[in-house]
1. Would you tell me the mean number of C-beta atoms belonging to other protein chains that fall within 10 Å of each C-beta in B:237-250, as a whole number?
2. With r defined as the distance between the Cβ atoms of C:Ile375 and A:Phe370 and R0 fixed at 56 Å, what FRET efficiency is calculated, to the nearest 0.05?
3. Run the reach check for A:Lys46 against lysines, Cα to Cα strictly under 24 Å, same-chain hits fewer than 8 apart removed. What comes back?
4. Relative contact order for chain B: what is it in percent, counting Cα pairs under 8 Å that are at least 6 residues apart?
5. Under a 10 Å cutoff between Cα atoms, tell me which one of C:Asn74, C:Asn193, C:Asn149 has the largest fluctuation in the Gaussian network model of chain C.
6. Starting from the coordinates of the alpha-carbon atoms of the range C:220-332, obtain the Kirkwood hydrodynamic radius over all distinct pairs and give the value in Å to one decimal.
7. How long are the semi-axes of the ellipsoid equivalent to the protein assembly as shown, from square roots of 5 times the Cα gyration tensor eigenvalues, in whole Å, largest first?
8. Could you work out, for the range B:326-405, what percent of all Cα-Cα pairs fall into each 10 Å distance bin, beginning at 0 Å and stopping at the bin that holds the largest distance?
Amino acid sequence: MEQLTTSLDVLFILLGAILVLFMHAGFAFLEVGTVQHKNQVNALVKIMSDLGVSTVAYFFIGYGIAYGVFLGFNLDGQLTQAMTEKSGYDLVKFFFLMTFAAAIPAIVSGGIAERARFYPILLATFLTVAFIYPLFEGISWNGNFGIQNWLEASFGAGFHDFAGSIVVHAVGGWIALAAILVLGARHNRYDSNGKIRSVYPPSSIPFLALGAWILSVGWFGFNVMSAQAVGGIQGLVAMNSLMAMVGGILAATFFSNKDPGFVHNGPLAGLVAICAGSDVVNPLGALVIGLVAGLLFVKAFSWTQNNLKIDDVLGVWPLHGLCGMWGALAAGVFGSTALGGLGGVSFASQVVGTLIGVAIAFVGGYLVYFIVHKISNLRMDDEEQYLGADLSIHRTHANPPKEEF
Amino acid sequence: MEQLTTSLDVLFILLGAILVLFMHAGFAFLEVGTVQHKNQVNALVKIMSDLGVSTVAYFFIGYGIAYGVFLGFNLDGQLTQAMTEKSGYDLVKFFFLMTFAAAIPAIVSGGIAERARFYPILLATFLTVAFIYPLFEGISWNGNFGIQNWLEASFGAGFHDFAGSIVVHAVGGWIALAAILVLGARHNRYDSNGKIRSVYPPSSIPFLALGAWILSVGWFGFNVMSAQAVGGIQGLVAMNSLMAMVGGILAATFFSNKDPGFVHNGPLAGLVAICAGSDVVNPLGALVIGLVAGLLFVKAFSWTQNNLKIDDVLGVWPLHGLCGMWGALAAGVFGSTALGGLGGVSFASQVVGTLIGVAIAFVGGYLVYFIVHKISNLRMDDEEQYLGADLSIHRTHANPPKEEF
Amino acid sequence: MEQLTTSLDVLFILLGAILVLFMHAGFAFLEVGTVQHKNQVNALVKIMSDLGVSTVAYFFIGYGIAYGVFLGFNLDGQLTQAMTEKSGYDLVKFFFLMTFAAAIPAIVSGGIAERARFYPILLATFLTVAFIYPLFEGISWNGNFGIQNWLEASFGAGFHDFAGSIVVHAVGGWIALAAILVLGARHNRYDSNGKIRSVYPPSSIPFLALGAWILSVGWFGFNVMSAQAVGGIQGLVAMNSLMAMVGGILAATFFSNKDPGFVHNGPLAGLVAICAGSDVVNPLGALVIGLVAGLLFVKAFSWTQNNLKIDDVLGVWPLHGLCGMWGALAAGVFGSTALGGLGGVSFASQVVGTLIGVAIAFVGGYLVYFIVHKISNLRMDDEEQYLGADLSIHRTHANPPKEEF
């Protein structure tokens, strides 16, 4: 019986890992569809290579910083032990959490698309996944530095982020913002008065939509399997994810008046926002959280591009950064029993946790990208940008130009 | 132990829900690939927005009509209760069944593609999922109105539709037929003598194929998880789904002489047909059911377009409507022990159930689309159709025309 | 309890079957993206129709040759019995193993792309899946002909191929090599001096990447569910698959200098190689196995095309054939306790098993394709090749040429 439960826990968290691994294909295609045709190949290669670098960074360093176990170095034989103990549960847990960690560069990638050099970005990915991401992950999910204890003692409940509205999404979004600021806008994006000069429509709505679908479907693994044991599974988490996704779809449909880019980012906005509170809010609360997230994304996307002059190609800062913050705060509101939630959350702790997470991400991200930029220029020059990353970095096209295709 | 079984039931039905949710991406890409390039965006946005509307309609009304529980209104606190009881099983069950309900507008969408206005369709989706679909769902799967009891008393067995050949597919297909009749053929599709004037080849066989693959793979969740509890899992259901899918592939390959559109709809024809009897027929029977379904689709598709002048863009009436009927009747034949099945089915009940389902769908669907058409014109005018739904409804292209792409 | 375990075993292996079925979509898109645009439709139809033929071949003949149970003929009522016994476990096991068998023609398909006629290939697929593949499958995984016993007696351990580096991949790759030799190079591929005359860049990097992603994700079902019972699940298998995949990504990224085709075949190279030893090697060993596999693929791909004049369109011989061999040998090295593995492997047995597998595949494959070629010419003539398989075989295009698309 105990053996069976262990086997099932391995299966459970493995299914989560597979689903979130699949999300990386989603990140890739969301970016492929959104960027210009001349940068499609680069989007694909970046996501794949980033995944490789992230795994190594997290295996040798990041996971250890967050959870105190440096698997890759097998210092006290933990790796050897994990191979056979508990049917290898600890290894699959690493796999699952690695797919979260690797989401950080995948989020950043969409923000800095169409102008980033290749190898320097891999270096920044390594540093981010090894050192920045696990810092707040450890604080939130492993009680590092006693911050959760302090919050609980001060406000009656710790910072609640069930599946990573802040830990993954806001952190990813705010690191992306830092990277965007370091790299600067794309060549020709704004004129000298700061007006948008060049508008680049998505090169492929079908690929953009494919990415959104894969992300949406995989997200159920992201959220539900965050319970990390089959005994802790909650249908509520799946239901709330559904309702927030739907809220995001509806808000994006109506507030963008059927714009395909927004309609397909809408569900993602809802899903980003529901991560934090999916285990405590009421499904009706989840619907509201998703509706607000969808609206927030539609409005903030245009506002950041036009007013703040932030050249965030996929809108990852509003999507992950701002909707993530909204989600964490909303968990503190809709999670309360007064609003039909299951309780055990504190709005104050949500505020404090959110601010710590965002601060670590922005400062840490800025440091990483700034240093890498100084060491080895992160930015493609104007001519390379004009030519496109596919040709200038990968010496090829997404589709050969001679073909009738 | 009981707790573990409950957790596993949640996991089981959730996996089904995830797989069927993924099928909606399949519906989207099947339509994207089949329609003209100028209508690709519209196909994608419709499926996504329909999903949002369907969830809300089913949550507040449809699920209640079928099963007596109006979750969205939380009348007797059922929603609150479902949040924590049985690890949230009832919520995931809703999620699973919602993904079935939302298949109805996704099926209809393919039939009325390239000429339907946007918001009026969303209204029709709401009404269909809230009122029409759950009517027969409740009759079949919840014993509403005592019809199953009466069939069982009269013919020795109730209407058997394990995973929805009629409940989902034929109902979807016949509602689509009604909608197609209300909307009329696309501009320029037939000339004044009723001959086909314009033939529109699929804009993208790869996207069409992608949709077919996603649907086929997700279908195993549709069928197997219809057991709704892990203890009720039957390898037979998976095996029969496989054999019918393969029968559909082979029949479509040979009878269409390798036409890519048919070859990729063949597996779907087989899978539509096997839903009803997948838990009772023999795998060899399933192979025959799939072969006949594949042949039926190939022949009926051309016949309905050419002879009946039904402008059903994806052929959803033959695919879901007719193959669904074939499947339900075939379950009554191949399910009998005389033909190697497990028995417990009555051909008479299959006939009666099929007719009731189809009648409700066609009449109900006609009413809904007719009324919505009267209220707010469902049909794009000729110029909008000529321009394409992407530009006239969504003010964009699937791919920007300036690009070399 | 026993009933629950049986149900869970059905679920477990079914999840594997679903994931590996999905991999067939991956094979399809990897080929779609790699071939020229004029051959995309053919790639899609081949994979789908091959799947249909493979299932029938394996159901009636192949599975019986490997495991002694001719399910399709139901000789001693095994099919009838399997319908109800053990919740249908034996049927789902067939399904799972069929998805492996059907990988053989899917692998071959990529090697002989752009020049093979349609129906003759289906015949070769039938013969291969019915007779050649199951021969070595039975030897390896069912102890047929006592070869495993003899190896164990001689070298202390049998031939260890947990998930099919040889049984599936090398066998597929070497059958493909035979088929390529029988068919000859594509028209105009080499000039009279044997220099490459025409270079055909991939028609679509996004589709190629989509295929690689689907394959990579589905592979976790291929490897983990090879345990065939939930009680035998090993987190180690998943972890090693991840590490080898990542090794392949990194090696391909750096050694191909970011070539998108290589970067997306890199993870596949790593995954092919780890199949054999994923249950016995150390994760660090898996990383090395993947790194070497990625490097091997990059180097061998160019070398076979340029020096050996083997016109292997997708490079399936280096990918599946050579990386598979490397993986089986590496399992004998890194699986030893001296290198941190779990032991129980013999390098000598790995060498012998590998050679037997490769010999059966190459000789058997050559016979099949040679005979079919004699009976009914396998090769499209030069004009058909020039026109493209889509138009000459399927009378259509992947995308209609008139469209602005």
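The values are calculated or read from the model by the stated rules, or taken from the named source; none is laboratory data. Given the structure is predicted, the values throughout are model-derived calculations rather than measurements. Cβ atoms come from the backbone with ideal geometry, glycine included; neighbour counts cover every protein chain shown. With ligands, DNA and RNA removed, areas are computed over all heavy atoms of the protein, side chains included. Shrake-Rupley method; radii C 1.70, N 1.55, O 1.52, S 1.80 Å.
1. Working: counts 5, 12, 15, 3, 1, 11, 6, 0, 4, 9, 3, 1, 8, 7.
Whole-number average of other-chain Cβ neighbours for B:237-250 is 6.
2. Values: r = 68 Å, r/R0 = 1.22.
After rounding, the FRET efficiency stands at 0.25.
3. Those lysines meeting the cut-off are A:Lys38, A:Lys374, C:Lys258, C:Lys299.
4. Working: 821 pairs, mean separation 102.0, N = 405.
Answer for chain B is 25 percent.
5. Greatest mean-square fluctuation among the candidates belongs to C:Asn193.
6. Details: mean 1/r = 0.0730 Å⁻¹.
Result for the range C:220-332 stands at 13.7 Å.
7. Numbers: eigenvalues 287, 287, 211 Å².
Rounded to whole Å, the semi-axes are 38, 38, 32.
8. Histogram of Cα-Cα distances, whole percents per bin: 15, 21, 17, 17, 19, 11, 1.
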